Amino acid sequence: MGLTRSADIIATKTGWGRIWVGALLLGIATSLPELATAAAAAHMGAPNLATGNVFGANMLNISKLSLLMLVLAGPSVFKNLSSQQIWAILLALFLTIIATLFSVFGIGLKWILVSPASIILIFVYVIGSRIVFKKSAGASSPEASHTSRSISWAWTIFLISALLIFMGSPLLAYSAKEIAANLQIANSFMGVITVAFITSMPELVVAGTALRIKAPDLAFALIYGTNAFNIVALAIADFFFMDSSIFANLDNGSVIAGIFATILTSLGLIHFLTRHYKSTASVQTFATTCIVLTWGFGILIVFLQS
């Protein structure tokens with residue numbers, strides 16, 4: 001609650017807008033569990049756990065967003081989204097496609113701790129974030145936040161909340177690896193299901209809170225911003241994997257998770273583009289159903305291939 005409200009105040013009082021603050025500040029803050037877990041998993045020599053966590057979280061986030069907006073705000077909320085959201089969606093989609101291609105082709109080149117794959121992903125994220133800012137700075141929904149709280153208060157609450165989200169995450173990777181070994185479950189499937197569900201809980205809470213305070217642009221940008229930074233988290237985790245690039249050590253389950261993360265992000269883009277369709281309720285309900293069913297089918301395929 002504090003993270004969402006403080007981010008909304010920052011967006012309003014700085015003039016940065018809900019899209020950029022949601023995509024960058026909230027996206028990074030709520031991705032900290034994925035970052036810590038992926039880095040810890042890579043350091044322990046469990047690349048499939050790290051990658052499954054990231055791709056699995058991205059798959060889950062798209063489904064979660066569609067359901068939350070439909071259930072908490074109703075089909076008409078999609079019409080109120082700023083057209084500038086397209087840039088946050090495209091950034092998340094582009095990064096997911098690149099990471100998936102690296103996984104498919106098993107790019108293993110690495111110079112000491114640095115791999116070209118990770119450098120490319122981080123570079124694309126930085127450039128893409130600048131584009132999102134230029135295109136969306138100042139863009140807000142009509143229900144702009146009005147509060148007497150100061151910007152200093154907002155930044156303090158935001159940073160404290162982000163720190164609390166981060167704490168304890170590295171322990172999750174160790175626990176998940178041990179559970180997967182004891183139950184004889186593939187690390188990729190463990191990452192896609194259990195770890196992804198736990199590490200993506202902050203996004204669920206923050207997005208739900210944003211919708212309750214009538215800030216749908218903040219909730220929408222948060223999810224796609226989170227998905228974009230999750231890919232960066234995977235690139236950072238690559239620095240902690242000593243053998244070679246993390247992308248060259250993945251099983252079929254991790255690769256398929258990346259493919260379905262790309263498919264779901266593409267469906268999310270289509271879902272956004274249909275927001276002004278005349279029959280809003282039926283179209284949004286159908287789109288949400290397709291996304292959720294695709295997520296479920298993706299989980300099944302990952303299980304069968306892991």
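The values are calculated or read from the model by the stated rules, or taken from the named source; none is laboratory data. Just so you know, these numbers come straight off a predicted model, no measurement behind them. Every residue, glycine among them, receives a Cβ derived from its backbone with ideal geometry; neighbour counts consider all protein chains shown.
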### Summary
Scanning segment 232-258 residue by residue, the ones that are crowded, with 22+ Cβ neighbours inside 10 Å and aromatic (Phe, Trp, Tyr) total 2
#### Entry: Contacts under 7 angstrom Cβ, first residue in segment 104-125 being among the aromatic types (Phe, Trp, Tyr), partner surrounded by 14 or more Cβ atoms within 10 Å (Cβ to Cβ), 6 or more apart
Tyr125/Leu95; Tyr125/Ala228; Tyr125/Val232
### Query
Looking at (1) more than 18 Å from Leu68 (Cβ to Cβ); (2) touching an Asp or Glu at 6+ places or on another chain (Cβ under 8 Å), can you tell me which one Phe297 breaks?
(2)
### Residue in segment 259-272 that is within 18 Å of Leu65 (Cα to Cα), among the polar types (S, T, N, Q) and surrounded by 24 or more Cβ atoms within 10 Å (Cβ to Cβ) present
yes
## Note on the structure
Counted residues in segment 79-112 being among the hydrophobic types (A, V, I, L, M, F, W, C), more than 19 Å from the chain's Cα centre (by Cα) and buried (at least 19 other Cβ atoms within 10 Å of the Cβ) come to 1
### Message
Going by what's in this entry, would Asp217 be described as among the charged types (D, E, K, R), outside any helix (DSSP H, G or I), touching a residue at least 12 places away in the same chain (Cβ under 8 Å) and in contact with a helix residue (DSSP H, G or I) (Cβ under 9 Å, 6 or more places away or on another chain)?
### Response
no
### Query
Looking at (1) farther than 19 Å from Glu34 by Cβ; (2) aliphatic (A, V, I, L, M); (3) at pLDDT below 75, can you tell me which one Leu172 breaks?
(1)
### Task
Evaluate the following for Ser66: is it assigned to a helix (DSSP H, G or I) and more than 18 Å from Asn230 (Cβ to Cβ)?
no
